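Structure, as structure tokens:
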Amino acid sequence: MKEKNDNFLFNFIAPIYGLFYNSQKKNYKITIDKMRNELNLNNYKNIIDIGCGTGALCAVLNKEGLDVTGIEPAVKMLRIGMNKDENKNVNFLECSTCSKLPFEDKFFDLSITSYVAHGLHKEERYQLYNEMNRLTKDYVIIHDYNSKRNIITNIVEWFEGGDYFNFIKVVETELNEHFKSVRIVNVEKRAAWYICEPY
Ligand SMILES: C[S@@+](CC[C@H](N)C(=O)[O-])C[C@H]1O[C@@H](n2cnc3c(N)ncnc32)[C@H](O)[C@@H]1O
């Protein structure tokens, strides 16, 4: 039931979300460049982007030379990314971590999920972490909010109805419970890369 509601929300806002595709790409490129000394993505072959939305991050990762798989349950978000010529080499799939993803254990060198975790309630978030642990050989990257709040984020996240207000308090503890190690690097004023070593 929860998954259905999430799909409804993101399918509904997909056309608006799509307007930010180019600015999202620009921001993701800046983040990846900034993070090169911490984790150089060019050293890896393939990556899965979980909850890839309209595929902006997939496009940037693919341009970095990685083989990219993007998975997303909201089909209207997914179609925006799939219909871009620049994404013809990205493998997009309509699915979610609410069920086991169709890949063997440790199939990916890296996995990333950007602004997905905070929107999920605890049990679904743990499913996300467990699936990323299973699929990933080298590093799991959770790109999401840090604990610095502002009024706009508070309002948007209140409307989204996810678990933002709790997530920012517990994220460090729960990632340490799910992964071998966690390194936190702020990538923007209010966002971090939580770089986790999978089991
Ligand atoms: C805030 S959007 C972020 C989209 C994209 N990562 C970005 O940075 O633009 C969150 C996305 O996560 C997707 N999502 C929600 N629950 C998910 C799950 N359990 N597994 C995979 N994707 C999920 C939603 O459909 C939505 O597109």
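Scan the range 139-168 for residues that are outside any helix (DSSP H, G or I) and under 30 Å from residue 107 (Cβ atoms) and jot them down. Quick ask: steps written out before the conclusion?
Of the range 139-168, the ones outside any helix (DSSP H, G or I) are 139-150, 161-163.
Across the range 139-168, the qualifying residues are 139, 140, 141, 142, 143, 144, 145, 146, 162, 163.
Determine, yes or no, whether residue 86 is more than 12 Å from the ligand (Cβ to nearest atom), closer than 15 Å to residue 112 by Cβ and free of Cβ contacts under 8 Å to residues at least 40 places away in the same chain. Steps first, answer last, please.
Numbers: more than 12 Å from the ligand (Cβ to nearest atom): yes; closer than 15 Å to residue 112 by Cβ: no; free of Cβ contacts under 8 Å to residues at least 40 places away in the same chain: yes.
Answer is no for this residue.
Of the residues 65, 81, 70, the single one that is crowded, with 22+ Cβ neighbours inside 10 Å and over 14 Å from the mean Cα position of the chain (by Cα) is 81.
Out of the range 169-186, which residues are in contact with a strand residue (DSSP E or B) (Cβ under 6 Å, 6 or more places away or on another chain), crowded, with 19+ Cβ neighbours inside 10 Å and not in a loop (DSSP other than H, G, I, E, B)? Reasoning before the result, please.
Residues of the range 169-186 that are in contact with a strand residue (DSSP E or B) (Cβ under 6 Å, 6 or more places away or on another chain), as a first pass: 175-176, 179-186.
Okay, now just the ones that are also crowded, with 19+ Cβ neighbours inside 10 Å, so 175, 179, 182.
Listed by number, the residues that qualify are 175, 182.
If residue 91 passes every condition in (1) crowded, with 17+ Cβ neighbours inside 10 Å; (2) under 29 Å from residue 183 (Cα atoms) but one, which one does it miss? Only one criterion in (1) crowded, with 17+ Cβ neighbours inside 10 Å; (2) under 29 Å from residue 183 (Cα atoms) is unmet by residue 91, namely (1).
Out of all the residues in the range 110-126, is one or more farther than 23 Å from residue 164 by Cβ and modelled with pLDDT of 95 or more? Quick ask: steps written out before the conclusion?
Of the range 110-126, the ones farther than 23 Å from residue 164 by Cβ are 110.
From what's left, modelled with pLDDT of 95 or more: 110.
Within the range 110-126 (the criterion being farther than 23 Å from residue 164 by Cβ and modelled with pLDDT of 95 or more), the answer is yes, since at least one residue qualifies.
Checked against (1) within 13 Å of the ligand (Cβ to nearest atom); (2) over 23 Å from residue 45 (Cβ atoms); (3) touching a helix residue (DSSP H, G or I) at 6+ places or on another chain (Cβ under 7 Å), residue 153 meets all criteria but (3).
The values are calculated or read from the model by the stated rules, or taken from the named source; none is laboratory data. Treat the numbers as computed from the prediction; the structure is a model and nothing was measured. Cβ coordinates were reconstructed from backbone atoms using ideal geometry, including for glycine residues, and neighbour counts include every protein chain displayed.
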